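A.B. asks: Structure incoming, see below.
The values are calculated or read from the model by the stated rules, or taken from the named source; none is laboratory data. Model, not experiment: these values are computed from the prediction. Because the Cβ atoms are built from the backbone with ideal geometry, glycine has one as well, and the counts that use them run over all protein chains shown.
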2 protein chains.
Amino acid sequence: MIGLRHLSARAALVAVTLVGYGALASAQDAPLPSWNDGAARKAILSFIERVTREGGPDFVPPAERIAVFDNDGTLWGEQPMYFQAFFVFDRVKALAPQHPEWQAKEQFASVLKGDVKAALAGGEHALLEMVMATHAGTTTQEFDQVVRAWITSARHPTTGRLYTEMVYQPMLDLLAYLRANGFKTFIVSGGGIEFIRPWTERVYGIPPEQVIGSSIKTKYEVRGGTPVLARLPELNFIDDKEGKPVAIQQHIGRRPIAAFGNSDGDFQMLEWTAAGPGPRLALLVHHDDAAREAAYDRESSIGRLARGLDEAPARGWIVASMKKDWAQIYPEIPTKK
Amino acid sequence: MIGLRHLSARAALVAVTLVGYGALASAQDAPLPSWNDGAARKAILSFIERVTREGGPDFVPPAERIAVFDNDGTLWGEQPMYFQAFFVFDRVKALAPQHPEWQAKEQFASVLKGDVKAALAGGEHALLEMVMATHAGTTTQEFDQVVRAWITSARHPTTGRLYTEMVYQPMLDLLAYLRANGFKTFIVSGGGIEFIRPWTERVYGIPPEQVIGSSIKTKYEVRGGTPVLARLPELNFIDDKEGKPVAIQQHIGRRPIAAFGNSDGDFQMLEWTAAGPGPRLALLVHHDDAAREAAYDRESSIGRLARGLDEAPARGWIVASMKKDWAQIYPEIPTKK
């Protein structure tokens, strides 16, 4: 496509710098190396080939090559609970000295005693209350620093990995390959937008302006001459289910041509994406690999996938089996830190 | 910077295709040709040179080169009233047959009689009511088509130009030059986001995902098997004054390093941008050219600029005089259609 063979070595080097290393690497290596050569990989490659073939009937101009990705359970893990919930619990513990009243508040007290099961027993309402208590009350800049400190130090209770080491290598391959083919990649997550943004550029190659998520309200204030955005304990937007297409339109302003999810919370995002004209790619990651990750779908309280499994075949959506389609789950990490 | 002189003609052609024509054109021509060689142009060029000089003390990595632009009065005109108000009035007329009740509604009736002054006499509340009545009730896709049809045919009452021919050539030059220097350019407008998006890519080179604006709520529905986003007569967000930094954080997730406005509605956006560390560029377009465009500031109900004029010098913000700093106002257009 870029005709690199016509360039001198020096010019090629310049060209590589211009387009970024990923493009050249992907053009030389076999694409999607961590995917097994099954139907899912074939469908992805066929879709990308069709929309990028200039002069072909399905050609899509680069500006319209928008791909959207759910985060929890699609780009990284979500068991035994959403990783952001671990962050919330750690924040409750860190902030407890400033909140003596939490000792007498049911779910907060359970967190402080280390009783996760009791802490989660209050359901979504109690969890949301803890999110508000721990995510608000700072400026956006302070919250960014809190997240950066946590995400580079906290470790998953069973794998012992940093949470950012529990991203899925096949999805990293897919993100890179889409971008090498002119796609703009976005995250559309039910998780908190300001919890995700501080690390997506480093981990996924996705800049903050391409991250959409749930949010609380902020308020602009000038404090002692310094303008800040204060985070308020008030919901702004829940980016889940029907909220995902709404947020995609609000944020991106055009319909994606490819969407990737793993739960029924992503159903409407895939439905909206697939309903546009021309070639479309809608893919669900199916967590069916108890040996290497986790096996859950219809009955899971986290990442429940039932309607998606039922309707995917008739809708032409791809269900990628982690067990069969993925040669690898997590990235390699150095054995010694 | 790109070392084009080392490339063969063929390789150069490839490189130009890769980086887009704008980069090469800007590298060869004098930058900002429609700006007079005064203090404003010098300050812009000096800022861009500082943040792009690799190894220099003020170097900013490309990913952080975010520039935000107000639209009304900054990128295109806003007199004798916001161009979107002309659209609203035209929509009231177009939709009137379906709304016999509007004949008896004060401001609506005035619009239908062609009495603009009386139509605007109801102030913001009445105008907002007309915005809701004309901007809601469609799907996002239908509204997009309505805007496209209007923007390519409606003409300004005094200049006779299409509204998109009343964009400011010096700002087009600036947008192109910033992008040629690795900046990502965003619109942050008080105007309706879905009114602006359909034409910004063609006119400004700004894709829809880089447009932020005021909005009404939408709702995801599946109608007879087809998913739609229905536009509701309910305000979602007013992107003005303190709302601009809030929306910038929500949408972009990082602080811009350059901001361009023309009214006190842009004050907080410039203040927020200028308060970050390192070199910052904050610029106000001053409408002081009655001969070629319009002269208004402190006393104008549209595009009022008072605090900005008062505080710009002490804050180090640039006030660009349309009369003195701009060699040209609008782009050349063919004399015959």
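A.B. asks: Here's a check for you: in segment B:24-42, which residue that is in contact with a Leu (Cβ under 8 Å, 6 or more places away or on another chain) and at pLDDT below 90 is farthest from B:Leu281 (Cα to Cα)?
C.D. replies: B:Leu24
A.B. asks: Let me ask something else. For segment B:65-100, name all the residues that are surrounded by fewer than 18 Cβ atoms within 10 Å (Cβ to Cβ) and touching a Lys or Arg at 6+ places or on another chain (Cβ under 7 Å).
C.D. replies: Across segment B:65-100, there are no qualifying residues.
A.B. asks: If I filter segment B:291-311 for residues that are surrounded by 23 or more Cβ atoms within 10 Å (Cβ to Cβ) and part of a loop (DSSP other than H, G, I, E, B), do I get at least one hit?
C.D. replies: Yes, there is a match, as at least one residue in segment B:291-311 is surrounded by 23 or more Cβ atoms within 10 Å (Cβ to Cβ) and part of a loop (DSSP other than H, G, I, E, B).
A.B. asks: Right, here's the next one. Within segment A:240-260, restricting attention to residues that are small (Gly, Ala, Ser) and in contact with a helix residue (DSSP H, G or I) (Cβ under 6 Å, 6 or more places away or on another chain), which residue is nearest to the other protein chains (Cβ to nearest Cβ)?
C.D. replies: Residue satisfying both the conditions and the ranking: A:Gly253.
A.B. asks: Could you please find all residues in segment B:261-282 being away from chain A (no Cβ under 12 Å), over 22 Å from B:Asp173 (Cα atoms) and more than 16 Å from the chain's Cα centre (by Cα)?
C.D. replies: If the condition is that a residue be away from chain A (no Cβ under 12 Å), over 22 Å from B:Asp173 (Cα atoms) and more than 16 Å from the chain's Cα centre (by Cα), then B:Gly278 is the only one that fits.
A.B. asks: I need a count of the residues in segment B:198-209 that are closer than 19 Å to A:Val246 by Cβ and not acidic (Asp, Glu).
C.D. replies: Within segment B:198-209, residues that are closer than 19 Å to A:Val246 by Cβ and not acidic (Asp, Glu) number 2.
A.B. asks: Kindly provide the set of residues from segment B:213-227 that are more than 9 Å from every other protein chain (Cβ to nearest Cβ) and either closer than 19 Å to A:Asn236 by Cα or in contact (Cβ under 8 Å) with a residue 60 or more places away in the chain (or both), ordered by number.
C.D. replies: Correct list: B:Gly213, B:Ser214, B:Ile216.
A.B. asks: Could you check, for segment B:210-218, whether at least one of its residues is surrounded by fewer than 20 Cβ atoms within 10 Å (Cβ to Cβ), over 25 Å from B:Arg304 (Cα atoms) and touching a Ser or Thr at 6+ places or on another chain (Cβ under 7 Å)?
C.D. replies: No, segment B:210-218 contains no residue that is surrounded by fewer than 20 Cβ atoms within 10 Å (Cβ to Cβ), over 25 Å from B:Arg304 (Cα atoms) and touching a Ser or Thr at 6+ places or on another chain (Cβ under 7 Å).
A.B. asks: Picking from B:Gly243, B:Gly278, which residue would you name as being within 26 Å of B:Pro31 (Cβ to Cβ) and of a type in the set (Gly, Ala, Ser)?
C.D. replies: Going through B:Gly243, B:Gly278 in turn, the sole match is B:Gly278.
A.B. asks: Only one residue in A:Val222, A:Val246 is modelled with pLDDT of 95 or more, among the β-branched types (Val, Ile, Thr) and crowded, with 21+ Cβ neighbours inside 10 Å, so which one is that?
C.D. replies: A:Val246
A.B. asks: Would you check if B:Asp325 is more than 14 Å from B:Asp72 (Cα to Cα), modelled with pLDDT of 95 or more, of a type in the set (D, E, K, R) and crowded, with 17+ Cβ neighbours inside 10 Å?
C.D. replies: For B:Asp325, the condition - more than 14 Å from B:Asp72 (Cα to Cα), modelled with pLDDT of 95 or more, of a type in the set (D, E, K, R) and crowded, with 17+ Cβ neighbours inside 10 Å - is met.
A.B. asks: Let me ask something else. Which of the helices (runs of 4 or more DSSP H) found entirely inside segment A:124-242 contain at least 2 residues meeting this: among the β-branched types (Val, Ile, Thr)?
C.D. replies: In segment A:124-242, the matching helices (runs of 4 or more DSSP H) lie at A:140-151, A:193-204.
A.B. asks: Got a sec? Which of A:Phe47, A:Phe86 is under 17 Å from the mean Cα position of the chain (by Cα) and assigned to a helix (DSSP H, G or I)?
C.D. replies: Going through A:Phe47, A:Phe86 in turn, just one is under 17 Å from the mean Cα position of the chain (by Cα) and assigned to a helix (DSSP H, G or I): A:Phe86.
A.B. asks: Moving on to the next point. Restrict the check to segment A:175-188 and report whether at least one residue is more than 12 Å from every other protein chain (Cβ to nearest Cβ), over 25 Å from A:Phe267 (Cβ atoms) and within 12 Å of the chain's Cα centre (by Cα).
C.D. replies: No, there is no match, as no residue in segment A:175-188 is more than 12 Å from every other protein chain (Cβ to nearest Cβ), over 25 Å from A:Phe267 (Cβ atoms) and within 12 Å of the chain's Cα centre (by Cα).
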